[in-house]
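The numbers here are math on the coordinates, done by the rules we state, and not lab data. Just so it is clear, the model here is predicted, and its values are computed rather than measured. Cβ sites come from the backbone with ideal geometry, for glycine too, and all protein chains shown count toward neighbours.
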Amino acid sequence: VELELTITKRVVVEGAYGLSNIHIMVDADENEYVWATSARALTEGETYRLRGTIKEHKLYKASKQTVLTRCTVL
């Protein structure tokens, strides 16, 4: 998929392989997306054009989310 998303929150977590950034994003229709990566740290409040793969759809704290993987910032 190719989407234009605004970063609403970025959380840095430490895992077994080092630091990872979890980006929580929304599109123009207020749909929520999540992307976890250690390769890139995007800025909160900025809008980016991303291309990636939909990994899954999930419910987190009563919020529907689409999880993305293998994203590239265009």
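For Ala41, enumerate residues with amide H under 5 Å from its amide H, sequence gap 5+ or separate chain, H modeled in the peptide plane.
For Ala41, whose amide H was placed from the backbone, there are no distant partners under 5 Å.
Less than 14 Å Cβ to Cβ from Lys64, Lys/Arg counted +1 and Asp/Glu -1: what total charge do the surrounding residues give? Could the numbers behind the result be given before it?
Numbers: positive: Lys58, Lys61; negative: Asp27, Asp29, Glu30, Glu32, Glu56.
Neighbourhood net charge equals -3.
With θ set to phi - 60° and the Karplus curve 6.51 cos²θ - 1.76 cosθ + 1.60, what are the ³J(HN,Hα) couplings of segment 48-60 in order, to the nearest whole Hz, using x for Gly and Pro?
Couplings: 10, 9, 10, 10, x, 10, 6, 8, 6, 10, 9, 10, 10 Hz.
Rank Leu59, Leu50, Leu19 by mean-square fluctuation in a GNM of the chain with C-alpha springs under 10 angstrom and give only the top-ranked residue.
Comparing Leu59, Leu50, Leu19 in the GNM, the peak value goes to Leu59.
Return the sequence-ordered ³J(HN,Hα) values of segment 17-30 in whole Hz as given by the Karplus equation 6.51 cos²θ - 1.76 cosθ + 1.60 applied to θ = phi - 60°, using x for Gly and Pro.
These are the phi-based 3J(HN,Hα) values: 10, x, 7, 10, 10, 9, 9, 9, 9, 10, 9, 5, 8, 6 Hz.
Let me check I've understood the local charge: for Met25, count other residues with C-beta under 9 angstrom from its C-beta, Lys and Arg +1, Asp and Glu -1. What total comes out?
On the way: positive: Lys9; negative: Asp27, Glu32.
Computed value for this residue: -1.
Using the Cα centre of the chain as origin and beta-carbon charges of +1 (Lys, Arg) and -1 (Asp, Glu), tell me which of Ala62, Ser38, Tyr17 is placed farthest towards the positive end of the dipole.
With unit charges placed on the Cβ atoms, the residue in question is Tyr17.
Computed from these coordinates, which is Rg/Rh (Cα atoms, Kirkwood Rh): [x] 0.99; [y] 0.94; [z] 1.03?
Structure-derived value, by its label: [y].
Could you pull out the chymotrypsin sites (Phe, Trp or Tyr not before Pro) across segment 1-70 that fall in loop regions by DSSP (anything but H, G, I, E, B) with no more than 13 other Cβ atoms inside 10 Å? Don't jump to the answer; show the numbers that get you there.
Values: sites: Tyr17, Tyr33, Trp35, Tyr48, Tyr60; in loops: Tyr17.
The qualifying sites are Tyr17.
For the chain, which trypsin sites (Lys or Arg not before Pro) are both in a DSSP coil and crowded by at most 13 other Cβ atoms within 10 Å? Walk me through the intermediate numbers first.
Values: sites: Lys9, Arg10, Arg40, Arg49, Arg51, Lys55, Lys58, Lys61, Lys64, Arg70; in loops: Arg40, Lys61.
Sites meeting the loop and neighbour criteria: Arg40, Lys61.
Let me know the charge dipole size of the chain about its Cα centre in debye, to the nearest 20, where only the beta-carbon of Lys, Arg (+1) and Asp, Glu (-1) is charged.
Details: 10 positive and 10 negative charges, 55 e Å.
The dipole of the chain has a size of about 260 debye.
Going by a ≥ b ≥ c, the root eigenvalues of the Cα gyration tensor, does segment 29-69 fall in the rounded group (a/c under 1.5), the prolate group (a/b larger than b/c) or the oblate group? Could you put the intermediate results ahead of the total?
Values: a/c = 1.75, a/b = 1.38, b/c = 1.26.
The shape class here is prolate.
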